[in-house]
């Protein structure tokens with residue numbers, strides 16, 4: 001209930017700011033930037049894995065938001081809209097970088113070649129106790145393909161629902177739900193291999209760890 005009240009309050013604030021911007025009040029856009037700058041930068045940085053690029057992508061995201069604000073449908077959630085711009089801009093950068101050939105790890109339906117990982121018992125307490133894991137978490141996250149990484153970041157870092165993420169990524173809900181589970185599976189495997197390099201990872205409790213970061 002608290003989250004819903006917060007969302008409604010924020011939407012009203014954003015709509016008021018948008019009306020001011022469209023009326024020519026440029027200072028109102030500075031308020032929008034103030035609200036979302038850190039959130040957008042952190043999301044972009046963790047998705048791109050490059051601080052310099054994250055700064056450029058974040059700036060480009062706000063420039064695009066400014067230029068396209070007249071086309072924003074105020075019946076939509078503004079946060080969902082601006083994160084969609086951030087995601088698209090970051091994906092464009094990743095594609096240009098060419099270090100991650102998207103077509104090499106997805107099939108015609110966008111699903112990954114990634115092996116399935118069982119959701120049973122993970123060594124969650126041990127993971128939480130390992131400071132070195134926390135310190136290297138962003139590096140571990142970079143080992144996950146971008147279309148999984150984006151979902152995990154949006155869901156656990158930015159608190160978007162899977163339905164909202166489906167809107168941001170422009171994908172069917174069931175596809176996002178499936179990729180969320182596969183992304184968690186890959187994350188579990190990477191975390192477990194960090195702790196015990198010679199054993200396979202199985203588990204369902206990494207999400208609680210990710211939310212605490």
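What follows draws every value from the coordinates through simple rules; no lab data is involved. Note that the coordinates shown come from a computational prediction; the quantities given were computed from them, not determined experimentally. Positions of Cβ are backbone-derived with ideal geometry, glycine not excepted, and every protein chain shown enters the neighbour counts.
Brief remarks follow.
- Sorted ascending by nearby beta carbons within 10 Å, beginning with the fewest, 33, 44 become 33, 44.
- Spin-label pair residue 28/residue 181, simplified geometry with 7 Å Cα→Cβ offset, distance in nm: 4.5
- Cβ-derived FRET efficiency at R0 30 Å, residue 15 paired with residue 96, nearest 0.05: 0.30
- Between residue 55 and residue 162, the C-beta separation translates, for a Förster distance of 22 Å, into a calculated FRET efficiency of about 0.15.
- Cα-based convex hull, the range 2-97, per residue volume (Å³, whole number): 98
- 10 Å binning of all Cα-Cα separations within the range 36-92, expressed as whole percents from 0 upward: 26, 56, 17, 1
- Cα centroid separation, the range 23-74 to the range 136-190 (Å): 21
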